[in-house]
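Okay, so here's the structure we're looking at.
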Amino acid sequence: MQTWDKLPLELMDELAEKETYRRDVYRPLYSLHKWWARRPGSTFRCLGLAALTDDTISKDDILTERNSGTHDGLYLDSYHEQYNPNDEHIDRDVTVMDPFAGGGTTLAELNRLGADVVGYELNPVAWWTEKKMMDDVNLDVLEQEFDRVLEETRDELEKYYTTIDPDTGQECEVLYYFQSQTIPCLTCEEEVQLFPRYQLATTKKTRPGYLYCPNQNCKDRIIKLDGREKGLNEGEEVTLDSGETVTVSEDGNELCPHCGHEFDPNDGTYGYGKYTCSNGHKHDVKETLQRLDERPTFERFALQYVDRQGNKKIKEFDERDAERVQEAEKKFEEIKPGLPIPQQKIPEGDKTGALLNYNYEQFNELFTERHLLTFGLLFKKAWETRDREFEDAEARNIAEFLITGISNSLEYNSKLTKWHYRDQKGMNTFNRHAYIPRVQPVESNPLNSLENSTAVENFFSKVVTAKEYCERPFEKIKNQSNGEVEQFFVNKENITEDRVTGLNCKTSERMEEDDGSVDYVITDPPYYDNVQYSELSDYFYVWLRGVLQDEYEEFEPDLVPKAREIVANSSANKGEDFFVESLTNVFSEAHRVLKQDGELIFTYHHNENEAWSVILEAIIESGFTVAGAYPVQSEMPNNPHISDLDNAEYDILIFANKENTDEDITLEELRQDLYFELQDMIAEERERHENLSTADLGVILRGKSMYYYSKHYPNVYTDDEQVGIEEVLDTVDDVIEQALEGSVSLPQSIDPITQAYAAFYQRGSEDYDDLNKHLLAKNLNVSDLEDEKLVKGPRDKKEPMTADERISYIEGKLNSNGDNGHDLLDIDRVQYLYHLYKTDQNTTEYLKEWKSDDLEDLAEFMADVSGDERYENVMDMTLQQF
């Protein structure tokens with residue numbers, strides 16, 4: 001039985017979605033430290049079980065759902081006596097390698113299953129995260145030192161994070177300080193305070209809402225909303241504090257009860273990168289900063305605090321609060337020389353360019369001086385723990401876990417964090433895989449005692465919970481019958497440093513292992529240009545280096561090494577050639593160290609389907625044979641990388657081995673073999689996976705079809721010339737469409753985008769992911785169709801645009817080309833001729849230039865699928881009819 005045949009795909013999707021939504025709950029180990037695009041641990045546990053088990057184990061043995069709604073199988077307990085008596089069906093005496101170890105998912109999940117693991121990771125931040133994930137630690141000592149470091153730091157600094165409650169006069173703890181960028185108008189030099197909106201907090205049943213009055217002359221600019229969730233109605237009368245009655249002039253507006261100023265709370269002075277002064281002048285923020293050669297400056301204008309009764313309130317930032325800031329800044333200057341404050345300059349890059357455009361020059365400029373003081377002191381005290389003595393713990397190891405927690409908390413404490421006014425909390429810096437300068441950031445109190453999302457104490461707790469999980473891992477899965485999430489502890493499993501054979505902070509383009517020494521290579525390679533890991537991780541690296549550089553050579557460089565990082569990056573002149581060559585180097589090494597009967601398994605995720613052919617090219621050129629491919633859930637649908645950017649939310653699991661043959665085969669023979677093989681494949685897959693969509697089936701069939709090509713590679717020919725991977729993908733796609741009865745039967749000379757649109761038109765509306773999967777083998781994605789105005793609609797319902805909806809766009813292309821449309825798509829020509837015919841306009845000029853047998857075939861197809869014979873009629877016209 002093949003590895004992929006053991007995968008409970010439908011249940012895996014459910015597991016992955018739950019885990020990526022609350023990773024801290026379902027797999028707390030992966031909340032130890034920030035890493036980007038980390039794949040679900042549940043997916044890799046299933047992969048590990050499928051790989052390590054013998055042929056007697058089925059997908060239902062790995063995980064199945066009972067009629068009661070509960071679940072059973074090796075996924076919940078790999079030592080399960082029913083499915084694995086005496087542990088006879090799992091081979092744990094294996095070595096598993098991950099050449100792109102990243103966030104450590106493969107290493108942790110296979111370590112937990114009992115395998116020896118080897119990891120390669122060029123990035124020191126990822127390497128450090130993997131190391132501490134698997135390092136053992138005395139939790140009692142660790143918690144003791146967490147408490148000590150935090151209390152010592154609070155004793156010195158908590159006074160700088162306090163305010164006076166205006167209602168009681170009592171000193172209270174501040175949670176957040178609201179800041180807004182100030183900038184001089186380029187036209188009139190008016191100092192503009194930037195507000196995307198004037199909402200500070202929305203009203204909920206359990207708490208009031210807050211607004212900020214835009215009137216600078218108002219004596220109390222904080223407006224408290226008790227019990228009201230939306231704006232006022234036109235004509236509504238409001239009594240001001242002065243006793244005066246004022247009438248609202250427009251629905252949704254608000255009236256300040258203190259000064260009578262009427263305003264729209266959602267209409268601020270800033271939006272879409274531009275600001276507007278009170279005189280109506282509008283300018284770009286980035287352009288203004290560049291012309292002034294200044295970086296952003298901010299003013300604190302309000303704060304959220306917690307009163308003695310535990311109520312969260314918002315008040316104006318006053319003179320006493322300003323004094324606290326000044327005192328903190330003075331303290332910072334006094335002790336700054338003894339603190340590990342990063343001094344590195346921000347390098348040029350695809351992602352760091354956003355910071356440089358705002359004239360940020362050094363990483364320390366991304367933090368307020370009060371935050372530099374706080375984190376500098378925290379890192380200092382934590383690292384000094386290595387000089388203490390403990391009876392049952394290594395002091396340096398304890399210190400390393402302390403700084404890991406502090407480093408992780410940095411993501412919620414910078415000038416790049418924004419306020420979530422609905423949830424009333426600060427957001428993380430890397431809400432997307434990017435640096436995003438904010439015009440209204442919040443400065444949190446990282447020492448706060450509420451242990452909220454920004455508190456260092458919260459991140460200390462994440463470290464402890466992560467290591468508790470290593471000692472006693474568990475699985476959580478929802479019972480679909482009663483809706484409860486059931487937890488299953490796996491008492492015989494753990495994650496330990498004892499099973500780490502090697503953890504290398506270096507490129508995997510050259511590996512240290514002997515030939516044929518590794519049983520499995522299971523990995524999650526970089527996704528072309530999808531995530532610029534080194535640029536993003538510099539944010540953490542510069543702080544970690546401040547304490548680790550003398551102890552670990554991995555942290556000696558000023559910044560994360562980037563020269564051999566395998567990504568496409570335009571700023572570093574790394575294009576497709578570099579990516580393919582480097583990836584091929586790694587896969588070639590993986591091929592060398594893998595045993596002859598070993599297996600390469602990896603996930604791939606990228607919105608741009610051209611990257612699909614790139615990754616296949618690298619695998620095949622490395623000597624591997626692609627044996628299969630399966631789509632699985634990767635990220636929660638409401639993840640900002642998915643919902644905001646219209647990205648794919650699925651991964652493709654790719655399976656490869658060292659099987660090959662020296663036999664030659666022609667592309668036509670390959671096509672014929674595939675057609676007959678696919679009929680059986682379709683029946684088998686639909687029987688194996690009941691709810692398999694046509695789009696998912698297409699991905700699976702493409703993966704299996706590549707087996708026949710890669711097995712013969714490079715001995716696949718057409719007219720005595722070797723066939724490239726792109727031509728093979730086109731052939732495979734055609735055969736699959738025929739096998740699935742979804743072929744558009746159009747001539748090969750019709751351009752790929754038109755062919756994709758024609759097939760989409762024939763299928764009808766579908767969601768983003770299904771459409772993207774159908775486009776996979778054509779090296780296209782949804783955005784390619786959107787750019788040509790061929791698709792419309794929200795993520796859950798993409799629809800083909802009609803000729804009438806596209807006509808203005810087509811005319812624009814014609815007018816700009818001025819050459820009878822030589823840059824037009826074939827569908828542009830057919831739809832434009834259809835429009836001329838439909839509106840009784842002369843088609844002579846365009847028919848004379850465009851008419852061909854291929855275009856007639858396309859017009860006939862559009863007539864069939866649309867039910868509109870006018871597509872075909874226009875092609876039947878002769879020039880003499882005019």
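Some points to look at:
- Residue check, Val716 in contact (Cβ under 8 Å) with a residue 40 or more places away in the chain and either within 24 Å of Asp770 (Cβ to Cβ) or of a type in the set (Asp, Glu) (or both): no
- Matching entry among Arg472, Arg510 (being free of Cβ contacts under 8 Å to residues at least 60 places away in the same chain, among the charged types (D, E, K, R) and on the phi < 0 side of the Ramachandran plot): Arg472
- Residue within the stretch 190-208 that is in contact with a Phe, Trp or Tyr (Cβ under 6 Å, 6 or more places away or on another chain), without any contact (Cβ under 8 Å) to a residue 60 or more places away in the chain and within 24 Å of Glu299 (Cβ to Cβ) present: no
- Residues in the stretch 498-535 that are part of a helix (DSSP H, G or I) and not aromatic (Phe, Trp, Tyr): 4 in all.
- Residues that are closer than 22 Å to Glu659 by Cβ and among the small types (Gly, Ala, Ser), drawn from the stretch 566-602: Ser588, Ala590, Gly598
Every residue, every condition in (1) in a strand (DSSP E or B); (2) closer than 22 Å to Val306 by Cα; (3) in contact with a helix residue (DSSP H, G or I) (Cβ under 9 Å, 6 or more places away or on another chain), yes or no:
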| site | (1), (2), (3) |
| --- | --- |
| Pro214 | no, no, no |
| Asp220 | no, yes, no |
| Ile223 | yes, yes, no |
| Lys230 | no, no, no |
| Glu234 | no, no, no |
| Asp251 | no, no, no |
| His258 | no, no, no |
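- Number of the exception - Arg370 against (1) open to solvent by 10 Å² or more (accessible area, probe 1.4 Å); (2) under 21 Å from Glu329 (Cα atoms); (3) in contact with a strand residue (DSSP E or B) (Cβ under 8 Å, 6 or more places away or on another chain); (4) not β-branched (Val, Ile, Thr): (1)
- When the stretch 260-292 is filtered for residues that are of a type in the set (Ser, Thr, Tyr) and either farther than 19 Å from Gln216 by Cβ or in a loop (DSSP other than H, G, I, E, B) (or both), the ones remaining, listed by number, are Thr269, Tyr272, Ser278, Thr288.
- None of Gly103, Gly69, Gly114 is surrounded by fewer than 16 Cβ atoms within 10 Å (Cβ to Cβ), in contact with a Ser or Thr (Cβ under 9 Å, 6 or more places away or on another chain) and either assigned to a loop (DSSP other than H, G, I, E, B) or at pLDDT below 95 (or both) except Gly69.
- Leading residue by the ranking (most open to solvent (accessible area, probe 1.4 Å)) among those in the stretch 658-672 that are within 22 Å of Gln596 (Cα to Cα) and either part of a helix (DSSP H, G or I) or modelled with pLDDT under 85 (or both): Asp662
- Given (1) surrounded by fewer than 21 Cβ atoms within 10 Å (Cβ to Cβ); (2) at pLDDT below 85; (3) among the aliphatic types (A, V, I, L, M), index of the condition Met706 fails: (1)
- Taking the listed residues Asp538, Asp577, the one that is in a helix (DSSP H, G or I), under 11 Å from Pro342 (Cβ atoms) and acidic (Asp, Glu) is Asp538, with no other qualifying.
- Of the residues making up the stretch 209-231, not a single one is polar (S, T, N, Q), surrounded by 19 or more Cβ atoms within 10 Å (Cβ to Cβ) and in contact (Cβ under 8 Å) with a residue 40 or more places away in the chain.
- Residue in the stretch 482-490 that is open to solvent by less than 10 Å² (accessible area, probe 1.4 Å), closer than 20 Å to Ala115 by Cβ and in contact (Cβ under 8 Å) with a residue 24 or more places away in the chain present: yes
- Listed conditions (1) in a loop (DSSP other than H, G, I, E, B); (2) within 33 Å of the chain's Cα centre (by Cα) are all met by Gln309, apart from (2).
- Residue within the stretch 256-268 that is under 17 Å from Pro437 (Cα atoms), under 33 Å from the mean Cα position of the chain (by Cα), open to solvent by less than 70 Å² (accessible area, probe 1.4 Å) and at pLDDT 95 or above present: no
- If the condition is being part of a helix (DSSP H, G or I) and either at positive phi or among the basic types (Lys, Arg) (or both), then the stretch 750-802 contributes Arg763, Lys773, Lys778.
Here's the yes/no breakdown for (1) open to solvent by less than 70 Å² (accessible area, probe 1.4 Å); (2) at pLDDT 95 or above:
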residue: Val238; (1), (2): yes, no
residue: His281; (1), (2): yes, yes
residue: Phe301; (1), (2): yes, yes
residue: Glu316; (1), (2): yes, yes
residue: Arg320; (1), (2): no, yes
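- Within the stretch 35-51, residues that are over 15 Å from Tyr630 (Cα atoms) and open to solvent by 10 Å² or more (accessible area, probe 1.4 Å) sit with their Cβ atoms under 8 Å from residues that are in a loop (DSSP other than H, G, I, E, B) and hydroxyl-bearing (Ser, Thr, Tyr), at 6+ positions apart or across chains, in these pairs: Ala37/Tyr527.
- For the stretch 404-424, the tally of residues that are touching a Ser or Thr at 6+ places or on another chain (Cβ under 9 Å) and assigned to a helix (DSSP H, G or I) stands at 7.
- Count of the stretch 336-346 residues which are open to solvent by less than 30 Å² (accessible area, probe 1.4 Å) and closer than 13 Å to Val560 by Cα: 2
Listed here are the residues, each with its yes/no results for (1) within 27 Å of Gln738 (Cβ to Cβ); (2) at pLDDT 90 or above; (3) open to solvent by 30 Å² or more (accessible area, probe 1.4 Å).
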{"position": "Tyr768", "(1), (2), (3)": "yes, no, no"}
{"position": "Glu788", "(1), (2), (3)": "yes, yes, yes"}
{"position": "Glu799", "(1), (2), (3)": "yes, yes, yes"}
{"position": "Asn815", "(1), (2), (3)": "no, no, yes"}
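- Selection within the stretch 386-401 - in a helix (DSSP H, G or I) and either out of contact with any Lys or Arg (no Cβ under 7 Å at 6 or more places or on another chain) or surrounded by fewer than 16 Cβ atoms within 10 Å (Cβ to Cβ) (or both): Asp387, Arg396, Asn397, Ile398
- Selected residue (only one of Arg38, Arg92 is at pLDDT 95 or above and in contact with a Gly (Cβ under 8 Å, 6 or more places away or on another chain)): Arg92
- Residue match in the stretch 92-99 (condition: under 30 Å from Ser407 (Cβ atoms), touching a helix residue (DSSP H, G or I) at 6+ places or on another chain (Cβ under 6 Å) and assigned to a helix (DSSP H, G or I)): no
Residue-by-condition table, conditions (1) of a type in the set (Phe, Trp, Tyr); (2) surrounded by fewer than 21 Cβ atoms within 10 Å (Cβ to Cβ); (3) touching a Lys or Arg at 6+ places or on another chain (Cβ under 6 Å); (4) not in a loop (DSSP other than H, G, I, E, B):
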{"residue": "Met133", "(1), (2), (3), (4)": "no, no, no, yes"}
{"residue": "Gln144", "(1), (2), (3), (4)": "no, yes, no, yes"}
{"residue": "Tyr177", "(1), (2), (3), (4)": "yes, no, yes, yes"}
{"residue": "Thr182", "(1), (2), (3), (4)": "no, yes, no, yes"}
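The values are calculated or read from the model by the stated rules, or taken from the named source; none is laboratory data. From a predicted model like this one, the values you see are computed outputs, not experimental measurements. Every residue, glycine among them, receives a Cβ derived from its backbone with ideal geometry; neighbour counts consider all protein chains shown. What goes into the accessible areas is simple: the full protein's heavy atoms, side chains included, and nothing from ligands, DNA or RNA. Shrake-Rupley method; radii C 1.70, N 1.55, O 1.52, S 1.80 Å.
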